[in-house]
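Nothing in this text is a laboratory measurement; each read-out follows from the coordinates by a stated rule. Because the structure is predicted, anything quoted here is derived from the model rather than measured. Here the Cβ is made from the backbone with ideal geometry for all residues, glycine too, and neighbour counts use every protein chain on show.
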Amino acid sequence: MSEETIIEGEATEVVAEELPQAEKPPESKATSAALKDALGRVESLGKTLAGALQDRANVVMVRVNDDALKHMDMLVEADITKSRSESAAFLINEGIRANQELFNRISSIAEQITVLRAQLRESVVVEKKA
């Protein structure tokens, strides 16, 4: 490759050496898979966050310990959530999702308790009439 360069009014030809292109390391399958996994997690986090923040019409005032507050603030500082309120809603939603099996068992037992209470009330009413 050559270029013309003007030095003090004289035209001279300078032959530029071709510099080797910086070689990129070949992208390994592991790196590609890790990137796809990370992107998937980011998309999943976005969907989860949107779900957690949807229909937030109920106000709950809570006191949290220093560790919980630190984690809520981390979400705000990372621009994942806009406020501590959003962080709390997100973390509560994630806690429920992570423990869905437990909540299913609680719901089942609570329904049984409701039925037993109704039966108990009916038996007390019947005894009063007799």
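For a test of the definition: using alpha carbon positions, the gyration tensor, and the 1.5 limit on a/c, classify the stretch 31-98 as rounded, prolate or oblate. Could the numbers behind the result be given before it?
Working: a/c = 2.38, a/b = 1.69, b/c = 1.41.
Prolate is the answer for the stretch 31-98, as a/c is 1.5 or above and a/b outweighs b/c.
Over the alpha-carbon set of the stretch 61-130, work out the extent along each principal axis and list the three values in angstrom, largest first.
67, 24, 18
Hey, fewest Cβ within 10 Å first, where do VAL124, VAL76 land in order?
VAL124, VAL76
What FRET efficiency comes out for ASP73 versus ILE109 if R0 is 41 angstrom and r is the Cβ-Cβ distance? Round to the nearest 0.05.
According to the calculation, E is roughly 0.70.
Mind checking which of ILE96, ILE113, MET72 is farthest towards the positive end of the stretch 60-123's charge dipole, using Cβ charges of +1 (Lys, Arg) and -1 (Asp, Glu) about the Cα centre?
ILE113
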